[in-house]
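Novice: Supplied in structure tokens, the structure appears directly below.
The values are calculated or read from the model by the stated rules, or taken from the named source; none is laboratory data. From a predicted model like this one, the values you see are computed outputs, not experimental measurements. Note: ideal-geometry Cβ built from the backbone for every residue, glycine included; neighbour counts use all protein chains shown.
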Number of protein chains: 2
Amino acid sequence: MSNNAQTQAQEPQILKVEEYKTDAKWLKLENIRWKDQEGKERNWEVANRTKRPKAGVDSVHILALLHHPSKPVSTIIIEQYRPPAGVTVIELPAGLIDEGEDAATTALRELHEETGYGSGKAGEGNASVKEVSDILVKDPGMSGANMHLVSVDVKLGEDDPEPEQKLEPGEHIIKRVVALKDLHSTLKDYSKKGFAIDALVASIAQGWELSKQFV
Amino acid sequence: MSNNAQTQAQEPQILKVEEYKTDAKWLKLENIRWKDQEGKERNWEVANRTKRPKAGVDSVHILALLHHPSKPVSTIIIEQYRPPAGVTVIELPAGLIDEGEDAATTALRELHEETGYGSGKAGEGNASVKEVSDILVKDPGMSGANMHLVSVDVKLGEDDPEPEQKLEPGEHIIKRVVALKDLHSTLKDYSKKGFAIDALVASIAQGWELSKQFV
């Protein structure tokens, strides 16, 4: 009888989080002591950034939508060497949210820095935030990392020149404008050449292809 | 002159990876000593799983495509409490690749366990692997975690009953079949109710909506 009672579902609950001590500066490992749906106490290990803005979200990824009078709607992808992957990765422009920033502000700032589009500020230039996604988790079996996907409209004139990036010293980012209709095949080509592809941009391309196939 | 030479781009290179010692069992933190594009030596911290199959890829996420004679093409999402997020997360079915398994085998096995669809084995039942994506990285600024997105076709008959999950003791996973056309709005509803959304499934839904809007 008591066994039956124990196996009835209840809300899982985090009991205690203990950090493993290391000399690492940017990342930490923690052990989560939690009570599962059957009331059983269990452990789960998690990696987290040591610093997170008070608002509770780590980063934004930027889905730029370039609207040009005579070209198909395009987005911007970047090539960036990532030591954790040991290889150059194809990603959306992205960045960590600074303390006190909201996601829209981070998105406009990072888009301007990494690609040159917009002015970096709301209400200026040709870029405006279209939508900030709900909070998304990036790898919830392993880390607490979370993010917003921010869609940004960029209105271009017929002969607008490609803007220059505003990279900081030590930043090495190559940008590329790709028509959304070509995103899936472009990522395939990068992969063949030995680049790694970020799961987020690959999934957007996959969703586009699914819609083309099944709508 | 030598300064100019130093700032010319060269291939970044990983020089040394050192593990921070902890008592954690499943995860580890490492410091990567690397040489950047200007030849400057730098450090980067990374979280990794302690165990990875020899083939070098951690996990699969499963994009099930349910083909029913009289219903729109649908996929399967799951609700699963994730201690690293401290909340129930809406994700695609997924799992770690066992040693010696290929991604397609893992996908069919996990789909069967978590949703009941297919038989769990290639060449049996109503599920077949349509496509295994290139290797995708999940959070390449912070971890080495990588994956394949595996598309699986499931052919259903008009009156096929909803199959039962084959969950292991201690696994608490709720599955839900969702028409691809309703995926985006379904995720929005979950988010409003306090669930977290995995970035991968959200991005697939976003790609679908983009295609509907701009194709």
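Novice: What strands (runs of 3 or more DSSP E) lie completely within the range A:1-103 and have 3 or more residues being facing chain B (nearest Cβ under 10 Å) and surrounded by fewer than 16 Cβ atoms within 10 Å (Cβ to Cβ)?
Specialist: So the answer is A:13-19.
Novice: Another question about this same structure. Only one of B:123, B:86 is under 17 Å from residue B:152 (Cβ atoms) and without any contact (Cβ under 8 Å) to a residue 24 or more places away in the chain; which?
Specialist: None of the others qualify; the one that does is B:123.
Novice: Select from the range A:154-180 the residues that are in contact with a Gly (Cβ under 9 Å, 6 or more places away or on another chain) and surrounded by 14 or more Cβ atoms within 10 Å (Cβ to Cβ) and write down the one among them that is farthest from residue A:66 (Cα to Cα).
Specialist: In this case the residue turns out to be A:165.
Novice: Right, here's the next one. Please verify whether residue A:175 is part of a helix (DSSP H, G or I), over 30 Å from residue A:32 (Cβ atoms) and of a type outside the set (A, V, I, L, M), treating the condition exactly as stated.
Specialist: Here the answer is no, as residue A:175 does not meet what is asked.
Novice: Could you list, in sequence order, the residues of the range A:178-215 that are among the basic types (Lys, Arg), within 23 Å of residue B:61 (Cβ to Cβ) and either out of contact with any helix residue (DSSP H, G or I) (no Cβ under 7 Å at 6 or more places or on another chain) or assigned to a strand (DSSP E or B) (or both)?
Specialist: A:188, A:192
Novice: Sticking with this structure for a sec: If I filter the range A:116-135 for residues that are at negative phi, touching a Phe, Trp or Tyr at 6+ places or on another chain (Cβ under 6 Å) and within 14 Å of chain B (Cβ to nearest Cβ), do I get at least one hit?
Specialist: No.
Novice: Now for a separate question. Give the residues of the range B:1-37 that are over 29 Å from residue A:42 (Cα atoms), of a type outside the set (S, T, N, Q) and modelled with pLDDT of 95 or more, sorted by residue number.
Specialist: Result: B:12, B:14, B:15, B:16, B:17, B:18, B:32, B:33, B:34, B:35, B:36.
Novice: Still on this structure: How many residues does the range B:181-215 hold that are crowded, with 17+ Cβ neighbours inside 10 Å, of a type in the set (Val, Ile, Thr) and either at the interface with chain A (Cβ under 7 Å from one of its Cβ atoms) or free of Cβ contacts under 8 Å to residues at least 40 places away in the same chain (or both)?
Specialist: Here the count works out to 2.
Novice: May I ask you to list the residues in the range B:137-153 that are in contact with a Ser or Thr (Cβ under 8 Å, 6 or more places away or on another chain), facing another protein chain (nearest Cβ under 8 Å), among the hydrophobic types (A, V, I, L, M, F, W, C) and not in a loop (DSSP other than H, G, I, E, B)?
Specialist: Answer for the range B:137-153, where residues must be in contact with a Ser or Thr (Cβ under 8 Å, 6 or more places away or on another chain), facing another protein chain (nearest Cβ under 8 Å), among the hydrophobic types (A, V, I, L, M, F, W, C) and not in a loop (DSSP other than H, G, I, E, B): B:147, B:149.
Novice: Right, another one. Of the conditions (1) within 18 Å of residue A:66 (Cβ to Cβ); (2) surrounded by fewer than 24 Cβ atoms within 10 Å (Cβ to Cβ); (3) touching a residue at least 12 places away in the same chain (Cβ under 8 Å), residue A:132 fails just one. Which one is it?
Specialist: All conditions pass for residue A:132, except number (1).
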